[in-house]
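Below is one structure, written out as structure tokens; the observations come after it.
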Amino acid sequence: YREFLAGLEKVAFGSVLFDYDGTLCDGRDRFTGIREEIASALKRILSGQVPVGIATGRGKSVRDDLRKALPHGLW
């Protein structure tokens, strides 16, 4: 585990892709959107100029949830 983490610290990522339901958004938060701690982590990643992709079959509701949770400049 420590060796794996050490290897990750040496890598530069060009982008990251997340699954939405069950990963970024817990099932019990389906109708309220992502939690603040998830939004904070996404803000940190996006502020570092790392492009983020979201995989979902849900549609526009995910875009709306993310826009509620993230500042306009990070959309």
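The values are calculated or read from the model by the stated rules, or taken from the named source; none is laboratory data. On a predicted model such as this, the values are computed, not experimentally measured, just so you know. Heads up, the Cβs are rebuilt from the backbone with ideal geometry, glycines too, and the neighbour counts pull from every protein chain shown. Quick note on the areas: whole protein, heavy atoms, side chains included, nothing else; ligands and nucleic acids left out. Shrake-Rupley method; radii C 1.70, N 1.55, O 1.52, S 1.80 Å.
Summary table below
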quantity: Members of the stretch 43-65 that are farther than 19 Å from G27 by Cβ and of a type in the set (V, I, T); calculated: I45, V50, V52
quantity: Failed item, numbered, when S40 is tested on (1) polar (S, T, N, Q); (2) at negative phi; (3) not in a helix (DSSP H, G or I); calculated: (3)
quantity: Complete set of residues in the stretch 1-50 that are open to solvent by less than 60 Å² (accessible area, probe 1.4 Å) and of a type in the set (V, I, T); calculated: V16, I34, I38, I45, V50
quantity: The stretch 51-72: number of residues that are assigned to a helix (DSSP H, G or I) and either among the small types (G, A, S) or over 23 Å from G14 (Cβ atoms) (or both); calculated: 8
quantity: Residue in the stretch 4-49 that is farthest from W75 (Cα to Cα), counting only those that are of a type in the set (G, A, S) and touching a residue at least 12 places away in the same chain (Cβ under 8 Å); calculated: G14
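Quick grid of which residues meet (1) out of contact with any strand residue (DSSP E or B) (no Cβ under 7 Å at 6 or more places or on another chain); (2) at pLDDT below 95; (3) part of a loop (DSSP other than H, G, I, E, B):
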residue: F4; (1), (2), (3): yes, no, no
residue: L8; (1), (2), (3): yes, yes, no
residue: V11; (1), (2), (3): yes, yes, yes
residue: Q49; (1), (2), (3): yes, yes, yes
